[in-house]
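Beneath this line is the structure, given in structure tokens, with notes to follow.
The values are calculated or read from the model by the stated rules, or taken from the named source; none is laboratory data. Quick caveat, the model's predicted, so the values are computed rather than measured. Every residue, glycine among them, receives a Cβ derived from its backbone with ideal geometry; neighbour counts consider all protein chains shown. These accessible areas exclude ligands, DNA and RNA; they are computed on the full protein's heavy atoms, side chains included. Shrake-Rupley method; radii C 1.70, N 1.55, O 1.52, S 1.80 Å.
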There are 2 protein chains.
Amino acid sequence: MKKQIPYKIYLSEKELPKKWLNIRAFMGNKPAPLLNPATQKPMTEAELSTVFCSELVRQELDETTPYIEIPQKIRDFYKMYRPAPLVRAYCLEKALGTPAKIYYKFEGNNTSGSHKLNSAIAQAYYAKKQGLKGVTTETGAGQWGTALSMACSYFGLDCKVFMVKCSYEQKPFRREVMRTYGANVTPSPSNLTNVGRKILEEFPGTTGSLGCAISEAVEVAVSSYGYRYVLGSVLNQVLLHQSIIGLETKTAMDKYGIKPDVIIGCAGGGSNLGGLIAPFMAEKLQGKENYQMIAVEPASCPSLTRGKYAYDFCDTGKVCPLAKMYTLGSGFIPSANHAGGLRYHGMTTTLSELYHQGLMEARAVEQTEVFKAAEQFARVEGILPAPESSHAIKVAIDEAIKCKETGEERTILFGLTGTGYFDMVAYENFHDGKMTDYIPTDADLQKGFDGIPKINL
Amino acid sequence: MKKQIPYKIYLSEKELPKKWLNIRAFMGNKPAPLLNPATQKPMTEAELSTVFCSELVRQELDETTPYIEIPQKIRDFYKMYRPAPLVRAYCLEKALGTPAKIYYKFEGNNTSGSHKLNSAIAQAYYAKKQGLKGVTTETGAGQWGTALSMACSYFGLDCKVFMVKCSYEQKPFRREVMRTYGANVTPSPSNLTNVGRKILEEFPGTTGSLGCAISEAVEVAVSSYGYRYVLGSVLNQVLLHQSIIGLETKTAMDKYGIKPDVIIGCAGGGSNLGGLIAPFMAEKLQGKENYQMIAVEPASCPSLTRGKYAYDFCDTGKVCPLAKMYTLGSGFIPSANHAGGLRYHGMTTTLSELYHQGLMEARAVEQTEVFKAAEQFARVEGILPAPESSHAIKVAIDEAIKCKETGEERTILFGLTGTGYFDMVAYENFHDGKMTDYIPTDADLQKGFDGIPKINL
């Protein structure tokens, strides 16, 4: 007899994953290595260690270990807010009148409001273990900055956050949450760094971008004693930590004999989607299953759907290593789209390579449609979603409506990465009809592409 | 062998309570009945039904049924966000170095951000069942208004919310959440009602109070066809619905063989505390156990610790029935304390009577001490608490520190009613050293007492 599936599936504490899953170990063609822009040679462990914590560098470069143990102290912290629920969206299914079965993994039940805490606590742990004084970082929507502030406060580390200016202005209360956790928050671009001053001079009045903020945070980290830079997305180490999302999801689904037909996640730098699909993609790479997987990005910042697969800088200031990824060019500054967490010109190398190999798809969606989906979801499922997460909701609803038309009973899984409690200015614009969509023209994109360096390998 | 207690105890969906607990049925001396101010006779079912939904009136007047079945549709909604976790505060215990064992029941994992949703969905259900077009209400901190908006949206009811002006101004984004759920929000006192206009004339520039907002909402309900008034606290029906908090808590504790020595909750109108203690108080009233119970209120609005036990109006505009309760006088307008949800001049009749009988204690605490406790809690437990809830945190920490001094291993349970994501202005004031405490003088209180009607019974 089939088990009745509850609204929310909570794993017990004992079922919490003890190891992260390293998706690269399952890939035949690995993602291309990070390059030193000066030499165009792969970045060495020593080179990376001037910027990042040593243990995190080892994780970054490890392409072969399939499972990496989660240290006990990190697992103890995870127990404060995990396991996260896997929710059967019964009410959404009913509202849509779809035969599809919709599930979402909800990562918003913690004060950082998103999945970002999964990697923040790991990175803070390794920084503390290395005896550092503190870390620097950038934040877009503010979710990563909040998560890192919480993690640093827990381990007694100093935390300096550069927050993309448009988000800083749209989300004044995010700053206060970070302050509650003792962090130091600066709007980016700022006058505190060489790269910030340079960007401000070139683009006065810029609302900033993740790329700019990364450059500033890196500059401060490498020029301050006892500091390293940490990053909330894009890097392989982050995907590794975020695999806990997918591992919990898979354990919960296996327990009830559920198999997703399609897995959907929003993609800015790729950390949430990379984490959600990890164990499913591992099975796909081993030829065991053939899940459909969809990355959803904003039409205003379409790195996968309209970008180039090329070596590019990870940041606007060009202080970071080169990564081979789908990119709009590190000089591309997206419009002040409200989904701050998705305003990144590139995409993690692992997802880029998987996408390039045709193992996953991508779709770009427009902002106003995303907020319509967000509101519909909030009203029936009782969770007010973050704009970023709502990109996944939009495509999940689209897929469920397709099932209604075809009569297919597909099982849809999507990642609900977080809550929108600090995004109410965006909701207000939406309610007041002041929200606009912006789709860059080919000419707009060409400007970004022109800045992609020519690399001869 | 004793079971290892996890960080979070989640009941399964099957363990969700199927009945609410009616604490009055266990009381020897019942709370005094509501009186009609015109006749000074107990309000009849017919009289109450002009203001409230019929089924809710029956619940309001039912002093004898110990358990009342929760309708299936309400239980289905509960499954969207319940059971709520019972958390063992291992990290807080460690930070305090206390031998006490601290537990909290966390009600903030839903978009309304608090326990208020437990009663909102019940009240919306009965309104819908009665065929009403909509409901009116007041909201202080905005949590009740948000909860009711969510509930009304779920059942397709119109929702008109009068929001205490100081909260409306301090929490602009609350309004947007309510709007996301389709509600209509007006700052109170307003020009929309006779009572609002009268209060504005008498007290120009007033920041409002729950008492004023109640009067306005009642006026609109009784003068609009197909509308009734619903209330988020104070009433017995609300305590009944909120008993789900205590019932879940007790089930979870019993499962692990945990028995609380002291139970602590913040008290504005008393709904959360009344709900949390319900099954424990039932045992105490039956002479089975002798739990210590503490109501925590703000020193700026000390109805239990400094109020009179007397018949008084539930609202400033004197349109509501008279209730026998601990009161500061319906004319008492508390200072613009940030814990909007605790700015009520009275206290639910049930808790008032239990307090009067010496079955529970009360403590008044000052705001800046409350925020210190809130920040300490947030940093170690990873949840940014609502100012209201933080009153309970403050006293729980005080009790745990006492245990440290005496070496007692007491088990402390408190209610963490909600999150503070919409209270960041208050946190900002606290961080900037701009927060002040206000304790009314005896003369201030006397002014309120002078307005308490003289009732000869």
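Read through the list (1) open to solvent by less than 10 Å² (accessible area, probe 1.4 Å); (2) at pLDDT below 95, then give the number of the only condition that A:T193 fails.
Going through (1) open to solvent by less than 10 Å² (accessible area, probe 1.4 Å); (2) at pLDDT below 95 one by one, A:T193 breaks only (2).
Report whether or not A:P37 is more than 14 Å from chain B (Cβ to nearest Cβ), modelled with pLDDT of 95 or more and assigned to a loop (DSSP other than H, G, I, E, B).
It is false that A:P37 is more than 14 Å from chain B (Cβ to nearest Cβ), modelled with pLDDT of 95 or more and assigned to a loop (DSSP other than H, G, I, E, B).
Are any residues in the stretch A:113-129 in a loop (DSSP other than H, G, I, E, B) and modelled with pLDDT of 95 or more, and if so, which ones?
A:H115, A:K116
Check the stretch B:433-444 and report whether any residue there is outside any loop (DSSP other than H, G, I, E, B), at pLDDT 95 or above and open to solvent by less than 10 Å² (accessible area, probe 1.4 Å).
No: the stretch B:433-444 contains no residue that is outside any loop (DSSP other than H, G, I, E, B), at pLDDT 95 or above and open to solvent by less than 10 Å² (accessible area, probe 1.4 Å).
If B:M80 meets every condition in (1) of a type in the set (A, V, I, L, M); (2) surrounded by fewer than 18 Cβ atoms within 10 Å (Cβ to Cβ); (3) at pLDDT below 95 apart from one, which number is that one?
Here B:M80 meets the rest and fails (2).
To keep it simple, each residue is scored yes or no on (1) part of a helix (DSSP H, G or I); (2) open to solvent by 10 Å² or more (accessible area, probe 1.4 Å); (3) modelled with pLDDT of 95 or more; (4) more than 13 Å from every other protein chain (Cβ to nearest Cβ).
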position: A:A378; (1), (2), (3), (4): yes, no, yes, no
position: A:H391; (1), (2), (3), (4): yes, no, yes, yes
position: A:Y427; (1), (2), (3), (4): yes, no, no, no
position: A:P453; (1), (2), (3), (4): no, yes, no, yes
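How about the stretch B:95-136: which of its residues are among the basic types (K, R) and within 20 Å of B:V262 (Cβ to Cβ)?
Of the stretch B:95-136, the ones among the basic types (K, R) are B:101, B:105, B:116, B:128-129, B:133.
B:K101, B:K105, listed by residue number.
Within the stretch B:380-389, take every residue that is within 12 Å of another protein chain (Cβ to nearest Cβ) and assigned to a helix (DSSP H, G or I) and give me the one that is most open to solvent (accessible area, probe 1.4 Å).
Of everything passing the filter in the stretch B:380-389, B:V380 is most open to solvent (accessible area, probe 1.4 Å).
How many residues does the stretch A:404-425 hold that are in a strand (DSSP E or B) and either open to solvent by 10 Å² or more (accessible area, probe 1.4 Å) or within 13 Å of chain B (Cβ to nearest Cβ) (or both)?
Qualifying residue count for the region: 4.
Looking at B:K3, is it open to solvent by 60 Å² or more (accessible area, probe 1.4 Å) and within 14 Å of chain A (Cβ to nearest Cβ)?
Here the answer is yes, as B:K3 does meet what is asked.
Need the failing condition index for B:I401 against (1) more than 14 Å from chain A (Cβ to nearest Cβ); (2) open to solvent by 10 Å² or more (accessible area, probe 1.4 Å); (3) outside any helix (DSSP H, G or I), just the number.
All conditions pass for B:I401, except number (3).
Identify, please: which residue in the stretch A:213-235 is surrounded by fewer than 24 Cβ atoms within 10 Å (Cβ to Cβ) and polar (S, T, N, Q) and is, among those, farthest from A:I121 (Cα to Cα)?
Here the answer is A:S223.
Suppose we filter the stretch B:144-176 for residues that are crowded, with 24+ Cβ neighbours inside 10 Å, closer than 13 Å to A:L384 by Cβ and at pLDDT 95 or above; how many remain?
So the count comes out to 4.
Any residue in the stretch A:211-227 that is free of Cβ contacts under 8 Å to residues at least 12 places away in the same chain and within 14 Å of another protein chain (Cβ to nearest Cβ)?
Within the stretch A:211-227 (the criterion being free of Cβ contacts under 8 Å to residues at least 12 places away in the same chain and within 14 Å of another protein chain (Cβ to nearest Cβ)), the answer is no, since none of the residues qualifies.
What are the residues in the stretch B:71-90 that are aliphatic (A, V, I, L, M) and more than 9 Å from every other protein chain (Cβ to nearest Cβ), if any?
Residues satisfying the conditions are B:I74, B:A84, B:L86, B:A89.
Just to be sure I understand the filter: pairs with C-beta atoms under 6 Å, separated by 6 or more residues or on different chains, first member in the stretch B:167-182 and in contact (Cβ under 8 Å) with a residue 24 or more places away in the chain and more than 8 Å from chain A (Cβ to nearest Cβ), second member part of a helix (DSSP H, G or I) and open to solvent by 10 Å² or more (accessible area, probe 1.4 Å). Which pairs pass?
Here the result reads B:Q170/B:V425, each pair linking the stretch B:167-182 to a residue that is part of a helix (DSSP H, G or I) and open to solvent by 10 Å² or more (accessible area, probe 1.4 Å).
Within the stretch B:9-26, which residues are in a helix (DSSP H, G or I), over 17 Å from B:N118 (Cα atoms) and within 14 Å of another protein chain (Cβ to nearest Cβ)?
Keep residues of the stretch B:9-26 that are in a helix (DSSP H, G or I), which gives B:13-15, B:23-26.
Cutting the leftovers down to over 17 Å from B:N118 (Cα atoms) gives us B:14, B:24-26.
Result: B:K14, single match.
Given (1) open to solvent by 30 Å² or more (accessible area, probe 1.4 Å); (2) in a loop (DSSP other than H, G, I, E, B); (3) modelled with pLDDT of 95 or more, identify the lone condition not met by B:R75.
(2)
On the basis of being open to solvent by less than 50 Å² (accessible area, probe 1.4 Å), of a type in the set (F, W, Y) and in the same structural domain as A:I393 (by TED's automatic domain parsing), does A:Y104 make the cut?
It is true that A:Y104 is open to solvent by less than 50 Å² (accessible area, probe 1.4 Å), of a type in the set (F, W, Y) and in the same structural domain as A:I393 (by TED's automatic domain parsing).
Just need a number here: residues in the stretch B:91-101 that are open to solvent by 10 Å² or more (accessible area, probe 1.4 Å) and within 12 Å of chain A (Cβ to nearest Cβ).
The total comes to 3.
Scan (1) open to solvent by less than 10 Å² (accessible area, probe 1.4 Å); (2) at pLDDT 95 or above for the single condition B:E283 breaks and write down its number.
(1)
Could you check, for the stretch B:353-363, whether at least one of its residues is among the aromatic types (F, W, Y), more than 14 Å from every other protein chain (Cβ to nearest Cβ) and open to solvent by 20 Å² or more (accessible area, probe 1.4 Å)?
Yes, the stretch B:353-363 contains a residue that is among the aromatic types (F, W, Y), more than 14 Å from every other protein chain (Cβ to nearest Cβ) and open to solvent by 20 Å² or more (accessible area, probe 1.4 Å).
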